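All remarks here apply to the structure that follows.
The values are calculated or read from the model by the stated rules, or taken from the named source; none is laboratory data. Remember, it's a predicted structure, so these values are computed and weren't measured experimentally. For neighbour counting, all protein chains shown are included, and Cβ atoms are generated from backbone atoms with ideal geometry for every residue, glycine included.
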Amino acid sequence: MYSWRARIGVIAPLDDKVEYAFNKYAPDGVAFNSSRLAFSGNPTPENLIRMTELLEDTAKMYATQPHDVILFGCTSGSCIKGFGFDKECIERIERASGWPGLTTSTAVLEAFEALGLKKTVVMTPYPDDTNEAEKKFMEDNGLEVTSITGVGFNRNGPYSHASKLHLYRNAKKLKTEGAEVFFLSCMGLATMELVEILEEDLGMPVITSHQASLWACLRHAGIKDKLPGLGKLFTI
């Protein structure tokens, strides 16, 4: 039985990066059951809101088997409608599935709280209107966003296919003065392998959507393993 420590459901847009990252870094005994939300086009507010309308129907698929937590694994999708929308998504998951829910944006907020830090510089692949919505969500939840930069992945083919080289070099270009944390947003970006090197090179803790989501899923499932290679967050 692969899930002898925890079984975690993952609801995510059409991409395999979440499963790859979670299965690569999770401790033994943790299993992930994944399902998809149909998503097409760029991550605009309209497209993201349309995607979230499918959340309950997808969560219902988890109702027949016990799960420790079910994650809505989309950062912008779980905060796009503003303050409290992540909690609304959690309630919808829990009503439909009968199991505890979580969202990536909630996980990110919990990661900031665990680190005890509030001032952040943010990098995303989103267009400006989605960035503004995410910035407002973060600030309405008590964080201070010193800057938020969309580096335009979506203008050059699928935005989620950005290479580690592209992510790393754009992160190094950001002005980090006044920030305490670097946050790399989006579950469509492969970010786990960048966490430690960016912490070293930027001189501050790093939170990414994948890392925070895995950390919060494990903590909500009662697993407190301190995993190597995933930055300061996983030492807490």
* Got at least one residue in the stretch 218-232 being acidic (D, E) and either within 30 Å of T44 (Cβ to Cβ) or surrounded by 24 or more Cβ atoms within 10 Å (Cβ to Cβ) (or both)? -> no
* Asked: Which of the helices (runs of 4 or more DSSP H) contained wholly in the stretch 1-85 include at least 1 residues that are at pLDDT below 95, in contact with a Ser or Thr (Cβ under 6 Å, 6 or more places away or on another chain) and more than 21 Å from T130 (Cβ to Cβ)?
  -> 17-25
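Per-residue answers, yes or no, for (1) in contact (Cβ under 8 Å) with a residue 60 or more places away in the chain; (2) surrounded by fewer than 20 Cβ atoms within 10 Å (Cβ to Cβ); (3) assigned by TED's automatic domain parsing to the domain that holds D129; (4) touching a helix residue (DSSP H, G or I) at 6+ places or on another chain (Cβ under 7 Å):
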| position | (1), (2), (3), (4) |
| --- | --- |
| E19 | no, yes, no, no |
| G29 | no, yes, no, no |
| N42 | yes, yes, no, yes |
| R50 | no, yes, no, no |
| E53 | no, yes, no, no |
| D57 | no, yes, no, no |
| K60 | no, yes, no, yes |
| Q65 | no, yes, no, no |
* To do: For the stretch 156-236, please list each of the helices (runs of 4 or more DSSP H) lying entirely inside it that holds at least 3 residues being at pLDDT 95 or above and outside the structural domain of E144 (by TED's automatic domain parsing).
  => 209-220
* Asked: Does V145 satisfy the condition of being among the β-branched types (V, I, T), modelled with pLDDT under 95 and surrounded by fewer than 21 Cβ atoms within 10 Å (Cβ to Cβ)?
  -> no
